[in-house]
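The block underneath contains the structure these notes are about, expressed in structure tokens.
The values are calculated or read from the model by the stated rules, or taken from the named source; none is laboratory data. Predicted model, so just to flag it, every value in this text is computed and none were measured. Quick reminder, even Gly has a Cβ in these numbers, built from the backbone with ideal geometry, and neighbours come from all protein chains shown. All accessible areas refer to the heavy atoms of the entire protein, side chains included, with ligands and DNA or RNA removed. Shrake-Rupley method; radii C 1.70, N 1.55, O 1.52, S 1.80 Å.
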Number of protein chains: 2
Amino acid sequence: MKKVTISDIARKLNMTASTVSRALANNTRVSESTRAKVQVTAREMGYQPNVMAASLRKGTSDSIGMIVPRINRHFFSNVISGVEEILNPAGYNLVIIQSGEMLSREVKAVESLLQNRVGGIIISLSLQTNSFEHLQEVIKHNVPLVQFDRVTKSLPGSKITNDNYTGGYLATRHLIKCGFKHIAHFSGSYKLRAYRERKAGYIAALEEAGMKVDEKLIVDDVITRDAGYSHIHKLVMRTSADAVFCAGDYSALGAMEGLKSLGYHIPDQFGIVGFANEPFSELMDPALSSVEQNALEMGNKVAAAMIKAIQKEEVPEEEVIPVRFIGRSSSWKDYR
Amino acid sequence: MKKVTISDIARKLNMTASTVSRALANNTRVSESTRAKVQVTAREMGYQPNVMAASLRKGTSDSIGMIVPRINRHFFSNVISGVEEILNPAGYNLVIIQSGEMLSREVKAVESLLQNRVGGIIISLSLQTNSFEHLQEVIKHNVPLVQFDRVTKSLPGSKITNDNYTGGYLATRHLIKCGFKHIAHFSGSYKLRAYRERKAGYIAALEEAGMKVDEKLIVDDVITRDAGYSHIHKLVMRTSADAVFCAGDYSALGAMEGLKSLGYHIPDQFGIVGFANEPFSELMDPALSSVEQNALEMGNKVAAAMIKAIQKEEVPEEEVIPVRFIGRSSSWKDYR
DNA sequence: GTTTTGTGTGCAAACGATTGTATTTTTGTA
DNA sequence: TACAAAAATACAATCGTTTGCACACAAAAC
């Protein structure tokens, strides 16, 4: 209703707006005593700074934009929490936008954030994203860009990723140790580095164990529950696979359901390991072994990188967050 | 880097900023031809409107703030998606803030949103929220307020809630029809209307069936997995309960685990129904019967109410979203 | 041929803060 | 007491839009 401005405060205190502004900013150019006086009256009068005015003048705001494919994914919502943990206490606030895995919406999101003159943009690319002009625009406008999880090397700025390679390696090594002989791999789209890396880890583990890599056991673009269900049928029909490392828990879930429907006993007859450790994974029957990504830590790192970038400090180009393998009963056979 | 302003466009076209501004806004006071000319040049020059300047002048922005307890809850993230579905096409953008179930953070969030001069605030109250001064402030500033799910009647404005009463009623009636005789209820905090209503539905179903309501079978503040686990033990030790309607899926999960650990067979010896239909519920073994809330529709309704409120149209004070009971094997015994 | 009406533009004042520069006041020192 | 140096405050421009009002110039009405 009645909005108090610095001029109102100035008038009441018989000084100018500039002094009030500096007093509120705790600038040493105004005396200790007036600073105190101003701050008290500001509170008394219920002064609420007008962020828009300040940002307009300063040319940048203390909001930071964050674009994620979707927030109802366990991983992403936890990264968001991790980012907030650091950003909020530092006086920034987060504007979250979902791209819904669509390039068009990602482009719009970037545009909107730029128009809002955010201090920086944090992004995990949508599955559709194959062109980066919208992000070049971010760079061109001199707005710090921090990428995480789904990143592209073709852009400057910090990139924070999971240690997908090690995750794939650990998962596969575990299956090997459990005595499985023909370990298949359900991967995602090879367009995404994350999936390529998980696969590389899988292959490395096989080779380390002296097992041969059978291309027939490797299927890409199997990330949904449905895909897992249907592909596991094909797999057991056409190959001698006795275990599968899925690049995601959803396809692992589908695979498990498929195997159950075929009467397989897990893990005795077939071993399964997933990736991401979704909340449901430990609740499945049998509980699903998976690779846990430290989303919270990733969020913290992302936020820290952003703050550094804003303050024009040196930022690490690439940072890799370690993962953790969690063995559960979907694979635990002969493990010694 | 080089930011184009309306004055730049004006200079290039030999007109004034005011004309450009009106042309871009498609104001009929400027001729069709100049409007076209301006819009073309604006695009050519890569003009990005400065939202802050516009908002400063207009006194309000086209951002809408949304405060939720936490986004990593299935229900909340889906409400958010539902809100975005409506708000984004309408030209608004959402600023999401998590309160983390803490009043202090909720207060800060409101403050920050007001300082950013958002066009409206959407909120689902934190569990801690027992004072509403911060929200009175919103009203006082004439900023539209829309509440959902966790609402308080003590504030004006739209309130969109789930039909918790019917949910509780349907869940309990189902257990009755399945032949269970001593149906317990794990509720949440009675401070929340949602839990009081679910309980009321539970009682109504019992009474309708001529079954007596036994206070010993009703336990409040059991919403977590751990609480469900420990309280189910007490329940089977001290009472003759043979089924439980849990006001949340997490406590239902805990209860199921507790019962399994005691060697109970579900649903033959004990029936369980949850509430919320979390993603994991259908994956449990046995799959958990639950009450599904239509989060997406709720989000749509919330957004629609907000837009109406912004446009100063009449808004419904209270709106109730229907729920749907989903029967699964955790309760399906004698159902005819 | 003057007055009315209507178009399309331009002028200039906001909006509320920040900040470089100028001015006043205070302080310290000779 | 005088006078420079330092400290505190005031002045004024600026950020990029929006918008009420004034103005020019046309076409229409009298």
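Taken together, the residues in segment B:176-208 that are more than 16 Å from residue B:164 (Cβ to Cβ) and open to solvent by 50 Å² or more (accessible area, probe 1.4 Å) amount to 5.
Results for (1) free of Cβ contacts under 8 Å to residues at least 60 places away in the same chain; (2) charged (D, E, K, R); (3) more than 14 Å from chain B (Cβ to nearest Cβ), shown as yes or no for each residue.
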site	(1), (2), (3)
A:23	yes, no, yes
A:44	yes, yes, yes
A:47	yes, no, no
A:52	yes, no, no
A:75	no, no, no
A:81	no, no, no
A:85	no, yes, no
A:89	yes, no, no
A:93	yes, no, no
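With respect to residue A:51, determine if the residue is within 16 Å of DNA strand D (Cβ to nearest atom), surrounded by 18 or more Cβ atoms within 10 Å (Cβ to Cβ) and among the hydrophobic types (A, V, I, L, M, F, W, C). Considered against the rule, which asks whether it is within 16 Å of DNA strand D (Cβ to nearest atom), surrounded by 18 or more Cβ atoms within 10 Å (Cβ to Cβ) and among the hydrophobic types (A, V, I, L, M, F, W, C), residue A:51 comes out as yes.
Yes or no: segment B:98-113 includes at least one residue that is under 17 Å from the mean Cα position of the chain (by Cα), assigned to a strand (DSSP E or B) and at the interface with another protein chain (Cβ under 10 Å from one of its Cβ atoms). Yes, the conditions are met somewhere in segment B:98-113. Residues in segment A:303-336 that are open to solvent by less than 50 Å² (accessible area, probe 1.4 Å) and closer than 23 Å to residue A:264 by Cα: 5 in all.
Is it true that residue B:173 is within 14 Å of chain A (Cβ to nearest Cβ), open to solvent by 40 Å² or more (accessible area, probe 1.4 Å) and basic (Lys, Arg)? When the stated conditions are applied, residue B:173 does not pass them. In segment B:129-169, of all residues being of a type in the set (Asp, Glu) and surrounded by fewer than 24 Cβ atoms within 10 Å (Cβ to Cβ), the one that is modelled with the highest pLDDT corresponds to B:163.
Scanning segment B:5-16 for residues that are hydrophobic (A, V, I, L, M, F, W, C) and within 6 Å of DNA strand C (Cβ to nearest atom) yields a count of 1. Filter segment A:55-64 down to the residues that are more than 14 Å from residue A:92 (Cα to Cα) and surrounded by fewer than 19 Cβ atoms within 10 Å (Cβ to Cβ), then identify the one that is farthest from DNA strand D (Cβ to nearest atom). The residue in question is A:58.
Residues that are open to solvent by 20 Å² or more (accessible area, probe 1.4 Å) and more than 14 Å from every other protein chain (Cβ to nearest Cβ) within segment B:114-128 comprise B:127, B:128, listed in sequence order. When residue A:37 is tested against the conditions (1) more than 9 Å from DNA strand D (Cβ to nearest atom); (2) away from chain B (no Cβ under 14 Å); (3) not in a loop (DSSP other than H, G, I, E, B), the lone failure is (1).
Counting the residues of segment B:202-219 that are assigned to a helix (DSSP H, G or I) and either touching a helix residue (DSSP H, G or I) at 6+ places or on another chain (Cβ under 8 Å) or under 16 Å from residue B:275 (Cβ atoms) (or both) gives 8.
Any chance segment B:141-159 includes a residue that's acidic (Asp, Glu) and assigned by TED's automatic domain parsing to the domain that holds residue B:100? For segment B:141-159, residues acidic (Asp, Glu) and assigned by TED's automatic domain parsing to the domain that holds residue B:100: present.
Note on segment B:134-165: residues that are under 28 Å from residue A:62 (Cα atoms), out of contact with any strand residue (DSSP E or B) (no Cβ under 7 Å at 6 or more places or on another chain) and touching a residue at least 24 places away in the same chain (Cβ under 8 Å) total 3. Scanning segment B:221-277 for residues that are under 25 Å from the mean Cα position of the chain (by Cα) and among the charged types (D, E, K, R) yields a total of 4.
Of all residues in segment B:7-47, those that are surrounded by 18 or more Cβ atoms within 10 Å (Cβ to Cβ) and either within 21 Å of residue A:143 (Cβ to Cβ) or among the acidic types (Asp, Glu) (or both) total 2. Taking the conditions (1) in contact with a Lys or Arg (Cβ under 9 Å, 6 or more places away or on another chain); (2) within 16 Å of DNA strand C (Cβ to nearest atom); (3) not in a loop (DSSP other than H, G, I, E, B) in turn, residue A:30 satisfies each one other than (3).
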